[in-house]
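Student: Submitted below is the structure of interest, expressed as structure tokens.
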Number of protein chains: 2
Amino acid sequence: MAFPPLKNDLLLRAAKGEKTERAPVWVMRQAGRYLPEFRKVREQHEFFEICRTPALATEITLQPIRRYSGLIDAAIIFCDILVVPQAMGMEVLMNPGPSFPDPLTTPDDIRKLRADVDVDKELGYVFEAITQTRKELAGEVPLIGFCGAPWTLFAYMIEGGGSKTLQKAKTWLYRHPEESKALLMRIADVCIDFLVGQVRAGAQLLQIFDSWAGELSPDDFATFSLPSLVHISSSVRARLSQLDSLVPLTLFAKGANQSLSILSIQSGYDVLGLDWCIDPVVARRIVHQNAEKAVALQGNMDPNILYGGPEAIEAYVKRMCGAFGKEGGWIANLGHGITPGVDPDDLKWFFECVHKYSTS
Amino acid sequence: MAFPPLKNDLLLRAAKGEKTERAPVWVMRQAGRYLPEFRKVREQHEFFEICRTPALATEITLQPIRRYSGLIDAAIIFCDILVVPQAMGMEVLMNPGPSFPDPLTTPDDIRKLRADVDVDKELGYVFEAITQTRKELAGEVPLIGFCGAPWTLFAYMIEGGGSKTLQKAKTWLYRHPEESKALLMRIADVCIDFLVGQVRAGAQLLQIFDSWAGELSPDDFATFSLPSLVHISSSVRARLSQLDSLVPLTLFAKGANQSLSILSIQSGYDVLGLDWCIDPVVARRIVHQNAEKAVALQGNMDPNILYGGPEAIEAYVKRMCGAFGKEGGWIANLGHGITPGVDPDDLKWFFECVHKYSTS
């Protein structure tokens, strides 16, 4: 597929660990509820209807790029991590949080899942949306594809929605460790096909969201989450290399800060996303100590600082830029998705401050 | 006040960092909803009615001591961290989670708080319950008093209940940093009086619960939470020394694992509680590196492992005991409060496994 040439490759260079003239910046969930133009589309369409309609997903993906043109360095395809459980045969509703009418209650329920998932058939709408968005972006910024990490998806599939303690999912880990590991790998296999398909469709960087990584002890993370994350990075890299279309891989294992060292050595990702609960100076030291080639970092301002007004935003961005330093290999971002109720102009100010304080 | 002599001082010796013949063990929220005898009392009485009725609070405090006699090494007074906001003049309901009908919405609302809090008047019922419980314990195990940390109480007082993101409380920190710091210190002053009063009434160890410490970045934790925690430890220690009744002080700053180093150097607590998201070996290394005298540690098994059945419980307890080692200065516990639905016999097995695997 031929796409227009890329005019802004800051994100891709920083993801490779290179020194950049300033830090590239985007924010997780940037096409979301804080934007009035998003809420307007949402009034007319259900959440998953938007995901499944390439024209709508494209429109929403582009909204922040239009609004913040010149200030924002990446688009991320509008989609949801729960399309993978859907592709595996589970029903997922969004009202407004995710909810599974028929979650997995015992390992026997695994039989209910689709044995072989044809991602082109089940998730072709994402690939179409990516291709269309990439075309409409016209090379302005790179397009990010993504999926959820197996542990996070496993937890949703068993809990049936969000949960404070992940009691049900953890009960599986502790009572049925072997069945859990097998299911985690089975989810990973679907993620691999899905991620490779996204690159074939036009994605220029891939991010894996392990949103619930931080709920596990470091031991349990290493036992239950890391193997499937490594399976994804190694398999996706191998398949993309064969296709001669390798792209940078980012892992955001939210809260797994105690595992940053092992992630930088073993996980096989080019970029590790950070939440705000680790000092960037500490994070830089850990990844420098451990890796042959230091991985790049992404993050990590507390999204709530966007409620603090221009003065607080500037002070915190300045501090964050100082802490990550000017050595490159850093993608500026929040430490978690942007939340509803943020004033879009405050986000604009965040971008402007990153430009100002991260310039070499 | 004369109380019966203490027969089991394992907890107090371990809290001082001493090597003990086995690790003392108790669990946070041990007098709670997982116990049928607690639920029976709760059917007849409202939550805060129990807190305010010394005979009921005593009864519930003693329930796990009776059930696990010989296996459990501490009682913790039945109460709630939100009695401090109540003492400051705020209404708090429990239905079933905590809810404030009239939370603080702007710094102007601070005027609504009681200017001087007479803890003997407002919280005398806790002191009575402590004295009565200490008598009835007859020296079997020590009695722990506690309160919430200022940051956690501040967050409740502003959010008006639990919250996923603490958006409102953080908006205060970022928009009104000076007013926030002043309020945090004002809450700390009430906590100090309350904690000293608990020791005068008979408490033999004090624990401060900073349940939401982990929601703050390390910088924000150092700026907003740590100063009031230090104010508490230094003031309580000074006042108890004058009374010649110093007791060990424990801080459980849940999730603030990136701040363990600074806590071990600066916080002034004898014991630091750990959640399950830090490897005990790593935690030991950090507190040994940093303190003149290594602080003791408490924790840290994931409470959800109690749903995993006897085999998982034994394997995880064995691993935890191995990781904390036999050097002493360790109080075995869960990494957070025990949750409803746990089989009391599984908790018994947890205690038995700690006895088995932590014996020197």
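Student: Considering only region B:196-239, state which residues are in contact (Cβ under 8 Å) with a residue 40 or more places away in the chain and more than 28 Å from B:Cys277 (Cα to Cα).
Tutor: Across region B:196-239, the qualifying residues are B:Val196, B:Gly197, B:Gln198, B:Val199, B:Arg200, B:Ala201, B:Gly202, B:Ala203, B:Gln204, B:Ser235, B:Val236, B:Arg239.
Student: Are any residues in region B:240-260 more than 20 Å from the chain's Cα centre (by Cα) and in contact (Cβ under 8 Å) with a residue 40 or more places away in the chain, and if so, which ones?
Tutor: The first filter runs over region B:240-260 and keeps only residues more than 20 Å from the chain's Cα centre (by Cα), leaving B:241-244.
Once the filter is applied, which keeps residues that are more than 20 Å from the chain's Cα centre (by Cα) and in contact (Cβ under 8 Å) with a residue 40 or more places away in the chain, region B:240-260 yields only B:Leu243.
Student: Please count how many residues of region B:275-309 are at the interface with chain A (Cβ under 7 Å from one of its Cβ atoms), surrounded by fewer than 23 Cβ atoms within 10 Å (Cβ to Cβ) and under 22 Å from the mean Cα position of the chain (by Cα).
Tutor: Of the residues in region B:275-309, 1 are at the interface with chain A (Cβ under 7 Å from one of its Cβ atoms), surrounded by fewer than 23 Cβ atoms within 10 Å (Cβ to Cβ) and under 22 Å from the mean Cα position of the chain (by Cα).
Student: Now for a different question. Select, from B:Asn300, B:Asn304, B:Asn333, the only residue that is in contact with an Asp or Glu (Cβ under 8 Å, 6 or more places away or on another chain) and either of a type outside the set (Asp, Glu) or touching a residue at least 12 places away in the same chain (Cβ under 8 Å) (or both). Before the answer, list the steps.
Tutor: Working: B:Asn304 fails: in contact with an Asp or Glu (Cβ under 8 Å, 6 or more places away or on another chain); B:Asn333 fails: in contact with an Asp or Glu (Cβ under 8 Å, 6 or more places away or on another chain).
After applying the criteria, what remains is B:Asn300.
Student: Still on this structure: May I ask you to list pairs of residues, at least six apart or on different chains, whose Cβ atoms are under 6 Å apart, with the first in region A:156-181 being free of Cβ contacts under 8 Å to residues at least 12 places away in the same chain and the second being of a type in the set (Ser, Thr, Tyr)?
Tutor: Cβ pairs passing all conditions: A:Thr171/B:Tyr307.
Student: Does A:Asp346 fit the bill of being within 14 Å of chain B (Cβ to nearest Cβ), at pLDDT 95 or above and over 20 Å from the mean Cα position of the chain (by Cα)? Can you show your working first?
Tutor: Numbers: within 14 Å of chain B (Cβ to nearest Cβ): yes; at pLDDT 95 or above: yes; over 20 Å from the mean Cα position of the chain (by Cα): yes.
Judged against the criteria, A:Asp346 is a match.
Student: Also, I was wondering about something else. Only one of A:Ser241, A:Ser225, A:Ser235 is modelled with pLDDT of 95 or more, hydroxyl-bearing (Ser, Thr, Tyr) and under 23 Å from A:Arg29 (Cβ atoms); which?
Tutor: A:Ser225
Student: Continuing with the same structure: Take the residues in region A:316-341 that are surrounded by 22 or more Cβ atoms within 10 Å (Cβ to Cβ), β-branched (Val, Ile, Thr) and within 14 Å of chain B (Cβ to nearest Cβ), then tell me which one is nearest to the chain's Cα centre (by Cα).
Tutor: The selected residue is A:Ile338.
Student: Is it the case that A:Gln198 is more than 14 Å from every other protein chain (Cβ to nearest Cβ), buried (at least 24 other Cβ atoms within 10 Å of the Cβ) and over 19 Å from A:Ala155 (Cα atoms)? Give the steps one after another, and end with the answer.
Tutor: Details: more than 14 Å from every other protein chain (Cβ to nearest Cβ): yes; buried (at least 24 other Cβ atoms within 10 Å of the Cβ): yes; over 19 Å from A:Ala155 (Cα atoms): yes.
Against the criterion (more than 14 Å from every other protein chain (Cβ to nearest Cβ), buried (at least 24 other Cβ atoms within 10 Å of the Cβ) and over 19 Å from A:Ala155 (Cα atoms)), A:Gln198 qualifies.
Student: If you don't mind, there's one more thing I want to ask. Can you tell me which condition B:Lys7 does not meet? The list is (1) farther than 22 Å from B:Ile338 by Cβ; (2) touching a helix residue (DSSP H, G or I) at 6+ places or on another chain (Cβ under 7 Å), and all the others hold.
Tutor: (2)
Table: residues versus (1) among the β-branched types (Val, Ile, Thr); (2) assigned to a helix (DSSP H, G or I).
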| position | (1), (2) |
| --- | --- |
| A:Ile278 | yes, no |
| A:Met320 | no, yes |
| A:Gly337 | no, no |
| A:Cys353 | no, yes |
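Student: From the list A:Gly161, A:Gly139, exactly one residue is touching a Pro at 6+ places or on another chain (Cβ under 7 Å) and under 30 Å from B:Gly341 (Cα atoms). Which is it? Break it down stepwise before answering.
Tutor: Working: A:Gly139 fails: under 30 Å from B:Gly341 (Cα atoms).
So the residue among A:Gly161, A:Gly139 that is touching a Pro at 6+ places or on another chain (Cβ under 7 Å) and under 30 Å from B:Gly341 (Cα atoms) is A:Gly161.
Student: Exactly one of (1) in a helix (DSSP H, G or I); (2) crowded, with 24+ Cβ neighbours inside 10 Å; (3) facing chain A (nearest Cβ under 10 Å) is unmet by B:Val236. Its number?
Tutor: Among (1) in a helix (DSSP H, G or I); (2) crowded, with 24+ Cβ neighbours inside 10 Å; (3) facing chain A (nearest Cβ under 10 Å), B:Val236 violates only (3).
Student: State the number of residues belonging to region A:63-82 that are assigned to a helix (DSSP H, G or I), in contact (Cβ under 8 Å) with a residue 60 or more places away in the chain and surrounded by 21 or more Cβ atoms within 10 Å (Cβ to Cβ). If you could, list the steps in order and put the result at the bottom.
Tutor: Taking region A:63-82 and keeping what is assigned to a helix (DSSP H, G or I), we get A:63-67.
Of the ones still in play, those that are also in contact (Cβ under 8 Å) with a residue 60 or more places away in the chain are A:65, A:67.
Going one step further and asking which of them are surrounded by 21 or more Cβ atoms within 10 Å (Cβ to Cβ), we end up with A:65.
The number of residues fulfilling the criteria is 1.
Student: Look at B:Glu46 and say whether it is under 21 Å from B:Leu123 (Cβ atoms), without any contact (Cβ under 8 Å) to a residue 24 or more places away in the chain and either surrounded by fewer than 19 Cβ atoms within 10 Å (Cβ to Cβ) or not small (Gly, Ala, Ser) (or both). Let's see the steps before the verdict.
Tutor: Numbers: under 21 Å from B:Leu123 (Cβ atoms): yes; without any contact (Cβ under 8 Å) to a residue 24 or more places away in the chain: no; either surrounded by fewer than 19 Cβ atoms within 10 Å (Cβ to Cβ) or not small (Gly, Ala, Ser) (or both): yes.
When the stated conditions are applied, B:Glu46 does not pass them.
Student: Then there is this: Here is a list of conditions, (1) under 23 Å from A:Ile110 (Cα atoms); (2) assigned to a loop (DSSP other than H, G, I, E, B); (3) not basic (Lys, Arg), and A:Phe224 meets all of them except one; can you say which number that is?
Tutor: Answer for A:Phe224: the failing condition is (2).
Student: While we're looking at this one, here's another question. Within the set of pairs 6+ apart or on separate chains, which have a first residue in region B:90-105 that is surrounded by 11 or more Cβ atoms within 10 Å (Cβ to Cβ), a second that is of a type in the set (Val, Ile, Thr), and C-beta atoms under 6 Å apart?
Tutor: Taking only residues 6 or more apart or on different chains, the pairs are B:Pro98/B:Val92; B:Phe100/B:Val92; B:Pro103/B:Ile158; B:Leu104/B:Ile158.
The values are calculated or read from the model by the stated rules, or taken from the named source; none is laboratory data. None of these values were measured; they are calculated from a predicted model. All Cβ positions, even for glycine, are placed from backbone atoms using ideal geometry, and neighbour counts span all protein chains on display.
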